[in-house]
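Quick note: the coordinates plus some simple rules give every number you see, no bench work behind them. As the structure is a computational prediction, the values presented were derived from the model and not from experiment. Cβ atoms come from the backbone with ideal geometry, glycine included; neighbour counts cover every protein chain shown.
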């Protein structure tokens, strides 16, 4: 249950009751009403602006309406007290019994606690990673992979029908450069000395195994042939090998896509021609000449007629070319075709996770999607800022494998998949992230992945130790639901239940805002509440320990609390793609 949505609905019931009793002029629209946590915890558990928003429509003063709503809230068993503050804000403190019921909900639901239906099965396409198949993934790709994967997971938990997709850029100049790079490595494998790679090619050692594989398959078949004979076969082979490499990197990170979509296939089956046809039918293309790019002198610029999309009619800064000077399609044209294809596959909501260097591309793609879908499709672009890879505070710049950057696989090998995934979600996607190889494996309060995993492991430890007091059946979630929760009367125990009960609202909020990093923040705060209670029982008040040998019923109630916490943390870590640990 989302506590705040629940009380929003109850306030609606109160308003309907007041209208039926003739207190209000009519039933009023409560759409602008919000129920939120108070800014100051001293003001209770929930706060609402209902009276402030609805007073005018109700024909009453804000404070007068607030008093009437407050009376309705006070009549509920779930509410302990209500206060009208200032000009008409309403603050309420909920009864302990309400929170005990939430504890029972958690135990009943297990890690499915927090599942929501706000998505109502709406189809969403989340496209992420989509690294060019020109080499292994680097750490920056890893951030986009984790953000996209966690976002897809939180949307699915919130009730959306989610497709995880990878767009394979296997057409165009970069794939031809990859093929030429492979050709050089192939020649090396056959004994030729290659002293240097021309500018624009890929010199990384990761192409050597692919070249060896090609030599084993074809021998010296391609030596002496003209480029036009080997370029396409080498492009296809190199792309296949690099995608195998990338799939391996993704698997090591725990990322699985439902669809790998080929740009080459899209172009070959006429997808871009279809885009031009749609735009022509809507009168949205023309042949024209663009102004020179900003900062270019006249000598640098050669104006020429081009096929242009009227992007400015949809909020872009300039109209955009669809063909290059050599007659081939622009990247923008193929991207337009790809997004139209996604829309035609039934996805009204499109989410793209890109690197920050694509920020200038957002406006034109929004214009394209709006034009191609007749304003029926929505595109949401999430930009992931850079990852600064450090080791004890010093930048890490080189990789033995790639020669130019640190590969994602090397980082995973050093610190583990779970650490990489968690740390990538400790900052909002549009903020730069420092990833220190030494600090992320420290066992300290300052390391969020350790702090959260330690809280889960502590829960598991308490439950293991409880085996000396209880039979295994007594420690099952079903059995623990029968414990006397009223024994959990200490403010720290109630606060922990309240923190856990915020998980359903967190799921819905993170899904609606497209912000999976909120989960890491939530788990860190939840762990802080638990560790505070643990410390209080260990150092300040022994009566608050989770296992009290002399009081089995009290111990059972506290074990229910611990089991519920284990489940909520596991639910959150599962969304993040992180495996909850049982021992540390």
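Across the chain, the relative contact order, built from alpha-carbon pairs under 8 Å that are at least six residues apart, equals 16 percent. In the range 443-576, Rg over Rh equals 0.98, where Rg is the alpha-carbon radius of gyration and Rh the Kirkwood radius from pairwise Cα distances.
On C-alpha positions alone, give me the angle between the axis of helix 207-218 and the longest principal axis of the chain, in degrees, nearest 10. The helix 207-218 is inclined about 60 degrees to the chain. The range 134-149 and the range 87-115 have Cα centres spaced 38 Å apart. The angle between the Cα long axis of helix 62-74 and the main principal axis of the chain comes to about 70°, on a 0 to 90 degree scale.
Please work out, to two decimal places, the log10 of the ratio I(q)/I(0) at q = 0.19, 0.26, 0.27 Å⁻¹ from a Debye calculation in which every Cα of the range 381-462 carries one identical scatterer. With one equal scatterer per Cα and no solvent, log10 I(q)/I(0) is -0.90, -1.36, -1.41. Against the main long axis of the alpha-carbon atoms of the chain, helix 491-501 sits at an angle near 40°.
For the range 173-253, averaging the sequence separation of C-alpha pairs within contact (under 8 Å, six or more residues apart) and dividing by the residue count gives a relative contact order of 40 percent.
Considering only C-alpha atoms, what is the centroid distance from the range 494-534 to the range 305-321, in Å? Cα centres, the range 494-534 to the range 305-321: 45 Å. Taking a ≥ b ≥ c as the square roots of the eigenvalues of the Cα gyration tensor, the range 1-107 is classed as prolate, since a/c reaches at least 1.5 and a/b is larger than b/c.
Footprinting exposure proxy ranking of 40, 341, 391, 326, fewest other C-beta atoms within 10 angstrom first, gives 326, 40, 391, 341. When only alpha carbons are used to place a centre, the range 325-355 and the range 196-236 end up 30 Å from one another. Scaled against 2.2 N^0.38 Å for its residue count N, the alpha carbon radius of gyration of the range 544-584 is 1.45. Computing Cα extents along the principal axes in Å directly from the structure and comparing it against (1) 86, 64, 40; (2) 80, 53, 53; (3) 119, 87, 69 singles out (1). Residues 278, 23, 452, 79 in ascending order of nearby Cβ atoms (within 10 Å, fewest first): 23, 278, 79, 452.
Taking the Cα atoms of the range 342-413, the ratio Rg/Rh between the radius of gyration and the Kirkwood radius comes to 1.19. Listed from fewest to most Cβ neighbours within 10 Å, the set 195, 312, 3 follows the order 195, 312, 3. Across the range 147-208, the mean sequence separation of Cα contacts (distance under 8 Å, 6 or more residues apart), normalised by length, yields a relative contact order of 27 percent. Cα-based radius of gyration for the range 173-253, normalised by 2.2 N^0.38 Å, reads 1.07.
Looking at the chain, the DSSP beta bridges with both ends there are about 45 percent antiparallel.
Distance between the modelled labels on residue 478 and residue 193, one decimal in nanometres: 7.7 nm (7 Å Cα→Cβ projection). Taking the helices alone, the chain has a mean residue ellipticity at 222 nm of -15000 deg cm²/dmol, built from -39,500 (n - 2.57) per DSSP H run of at least 4 residues and averaged over all its residues.
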